[in-house]
1. Let me confirm something: among B:28, B:17, B:7, which residue is in contact (Cβ under 8 Å) with a residue 24 or more places away in the chain, farther than 19 Å from residue A:55 by Cα and at the interface with another protein chain (Cβ under 10 Å from one of its Cβ atoms)?
2. Restricting the search to segment A:21-64, which residues are crowded, with 16+ Cβ neighbours inside 10 Å and closer than 30 Å to residue B:43 by Cα?
3. Quick one: count up the residues across segment B:19-47 that are surrounded by fewer than 19 Cβ atoms within 10 Å (Cβ to Cβ) and farther than 24 Å from residue A:107 by Cβ.
4. Looking at segment B:44-59 only, could you name the residues that are closer than 17 Å to residue A:64 by Cα, within 18 Å of the chain's Cα centre (by Cα) and more than 7 Å from chain A (Cβ to nearest Cβ)?
5. Please specify each residue of segment A:183-211 satisfying the condition of being free of Cβ contacts under 8 Å to residues at least 60 places away in the same chain and either within 14 Å of another protein chain (Cβ to nearest Cβ) or closer than 28 Å to residue A:20 by Cα (or both).
6. Within the bounds of segment A:107-124, is there any residue that is more than 14 Å from chain B (Cβ to nearest Cβ) and within 30 Å of residue A:28 (Cα to Cα)?
7. Of everything in segment A:52-94 that's assigned to a loop (DSSP other than H, G, I, E, B) and within 18 Å of the chain's Cα centre (by Cα), which residue is modelled with the highest pLDDT?
8. If the requirement is being modelled with pLDDT of 95 or more, touching a strand residue (DSSP E or B) at 6+ places or on another chain (Cβ under 7 Å) and over 23 Å from residue B:41 (Cα atoms), which of these qualifies: B:140, B:150?
């Protein structure tokens, strides 16, 4: 009897503590979503978009806003070019990370820093649609009339030390990523929103070139 | 250099204002380079919070410089959470924020061009170096009991203003921090 009660409490607390999002309902069996999402992302060879990024520092009541351009090409090529507040370029290509900040250029192996590698994998997974397969996270899927919300709870210890969860909002109409929200343990969050998305545009190799 | 009789009040006139400022930060440490945004903000309890994030929003640290020379680490990534590094950063920012200035221990040294306003710390000394008339803050310096270990400069803004840029350079190992003020980051 006690065992049953404890089990019921645990199940109930699990249901209650699972984050709820206004306008969204939980999708406990998300195989249909997963299948449709996989189909859509299989057909996505490239994405080009503008982005806005908002870092909210909760305790300081401050927001840091950035804007830039984003390019992704299957399978692991990514370029984020910040225009504002200052020029900054990050390119991921074949396991290497290239960073240009002002006159400074720096190329490092993604493998040399595990956390950096994991954070970059999150970005690639989010846009490539493979986040449900990433074993570093426990996913949960929610649905609204216009979009899906994939909540990723970190399982890996080093990611749990950094993020409470990462949410990805996906447009229902084309299954592309609309927003990535990264919630830190401190209460701070970073929100990246993609606009003017062009799917399967021809993106030249030079965009991802690492000198 | 010889000891001269003066008081610390002229140094306090150079104290910069960090009510709210965002800087582009570049850090070079033993061959590695990291960059991002550094937010400095005075809080209602008169503490100063300093938050360092990279361009993609990933937070490296969030420090609080509290009244009565107290210090708080609100958040720090495990890779930077090293006692020696935190202590060094705390001392560096203490110097720039004009903290740990115990007037009872204050003394000044002078040569023909400069006055070294000295504020002894629990270990080492913080110097604020001015011209002989104390009309200009030339630089700031942290010293061990034997030699200078760090130099910092404020450009275009001290004495109640927010500096346009700040440089911090360690003399005993390859570690430098450069800060350049970013105009208000208003939402678009």
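1. Result: B:28 is the single residue among B:28, B:17, B:7 that is in contact (Cβ under 8 Å) with a residue 24 or more places away in the chain, farther than 19 Å from residue A:55 by Cα and at the interface with another protein chain (Cβ under 10 Å from one of its Cβ atoms).
2. Result: A:52, A:53, A:54, A:55, A:56, A:57, A:59, A:60, A:62, A:64.
3. 8
4. B:50, B:52
5. Hits for segment A:183-211 are A:183, A:184, A:185.
6. No: zero hits.
7. So, considering only residues that are assigned to a loop (DSSP other than H, G, I, E, B) and within 18 Å of the chain's Cα centre (by Cα), the one modelled with the highest pLDDT is A:74.
8. Only one candidate qualifies: B:150.
The values are calculated or read from the model by the stated rules, or taken from the named source; none is laboratory data. Here the structure is a predicted model, which is why all the values come from computation and not from measurement. Every residue, glycine among them, receives a Cβ derived from its backbone with ideal geometry; neighbour counts consider all protein chains shown.
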